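I have placed the structure first, in the form of C-alpha cells, so that the comments after it can refer back to it.
Derivation of every value follows stated rules applied to the coordinates shown; laboratory data play no part. None of these values were measured; they are calculated from a predicted model. Reconstructed Cβ throughout: ideal geometry from the backbone, glycine too, with neighbour counts over all protein chains shown.
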Amino acid sequence: MAPQLDPTSPIPLYLQLRDLLRHQILSGDNADFLPKEEELCRIYGISRRTVSRAMTLLAESGLVRRIKSKGTLIRRGAENVSKGHVGLVFPVTTAWKNTLYNMQQAAAQLGRSLVIFPYDWINPEEELKAILIAKNSCDGIIVYPNCREADQQYINDIYKTGYPLVMFDIYYDECDCSHVGMDHFLSARRLTEALIRKSDDRIGLIQILNEQYHRSDRERYAGFHYALEQHHIDIHKSMELKLFSFDWDKNVKAITAFLEKNQLDGVFVTDQNCYPWQEICKLDIPPLRISTIGQHQNYFQVENINYAEQPEDEIGRIAVQLLHEKIIDPSTPSKRIMVSPRYHWNA
C-alpha cells in the first residue's frame, strides 16, 4: 500500500508528494520512469494540478527530467540535487507555535518544506548535534542560537564553507552570515524615553542576570542607560535590581521589596517574565509606570505600562526569505535586518 498524504498537515499536498517521491527516487524504489500523473492522482487521491506542481519541483531540483509523450524520467546518479528542505534549529518551546507555523507556510510558498530540529536552549552540545543533522539533510538552515553563546565559532565555521545559513532573532557580530532579529537597543531606548518624559527622574531598572543572560538582554540594558545619559539622568545602583535566576517565587519577593523600598516613578524591565505585572496595583507604592518587552495578552489588565511587542511572525518570514535567496544564489551577499517592534503606549 502506498504511503498516504496528510491533508491536515500545514505542509501543502504538493510538497508532501514531492518529498515522498524524492525519497522513493533516492532509495531506488522506482523504475526508470515515475508513474504517469494520472496514476499518481489515482494512487494518492489528489488533483492533477497538485501532482504537476510536485513534478515541476522535482525537475527543478535535478532529480527528474520531464519528456513529452514519454513521462518523467528519473536521473540516476544525479548529484548536487536540491533536497527541497530547509531546516530550523530552534529551542524546545510552545511560545512561538504560531510563528513556526507561519514560517512553514512561508517556506511552502517558495516551494520548500521547513523542518524543525528542536534542542534544549541551555544545552550547547544538543544544539550542535541538531545543527549537524539539519545541515546534512537540508539545503540550508536557520539557527536560533543557544543562550550561552557557546556556538559562535561553530556557526561561523559553517558559514565560511559557503553552506546557506541564517541566524534568527539572536545574532553574533563576529559572524558575517545573514541574520534577522528585533532591534532591542532601539526598543529599550524608546521605552525608557517614554518613562523619562512623564516622570520625576526616579527611574529604576529590573534585570535578570543568569546563565540565560544573552545578547538581547545586554542590548536592552545598553539602550536603557543610553537614554538616561542622553537626558543627563544619573541612576544610583540602589535603583537597579539584578536577579540571578528565573525562580518565580524568589523574584516576586525581591521585586516587591525593591519597588516598595524605592518608590519609583518608572521602571524599565529587561525581561517581562519575572513578575506577575497584573498584580502591581496591589502593592503599597505610588502609581508606577512600567516599560518592558512583551506580548499583548500578558498586559491587558495592567495600567500604566508601555511595551514593545516582538514581531515574531515578520522576523520568521524574513529569515525564510533570506535563506531562500542564499540557496538560489550562493553569491548573494549577507544581509543584517533589524526589525522594529510594535509599540504599545499606555502610560
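Tabulated values for the structure
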{"item": "From phi via Karplus (6.51, -1.76, 1.60), per-residue ³J(HN,Hα) for the stretch 158-165 in Hz, x at Gly/Pro", "result": "5, 4, 5, 6, x, 5, x, 8"}
{"item": "Spin-label proximity, Met338 to the stretch 158-188 - amide N less than 13 Å from point 7 Å beyond Cα toward beta carbon", "result": "171-173, 180-188"}
{"item": "Bridge type composition, the chain - antiparallel percent by DSSP, nearest 5", "result": "15"}
{"item": "Of Val143, Met167, Leu63, farthest towards positive along the dipole that unit charges on Lys, Arg, Asp, Glu beta carbons give the chain", "result": "Leu63"}
{"item": "Built amide H within the under 5 Å cut-off of Asp271, gap 5+", "result": "Ile208"}
{"item": "Residue of Val51, Val267, Val115 that the Gaussian network model of the chain assigns the largest fluctuation, springs spanning Cα pairs under 10 Å", "result": "Val51"}
{"item": "Of every Cα-Cα pair in the chain, the percent that sits beyond 32 Å", "result": "44"}
{"item": "The stretch 184-309, relative contact order in percent, only Cα pairs under 8 angstrom and at least six apart counted", "result": "30"}
{"item": "Rounded to 5, the percent of DSSP beta bridges in the stretch 84-218 classed as antiparallel", "result": "0"}
{"item": "Over the chain, relative contact order from alpha-carbon pairs under 8 Å, at least 6 apart, %", "result": "15"}
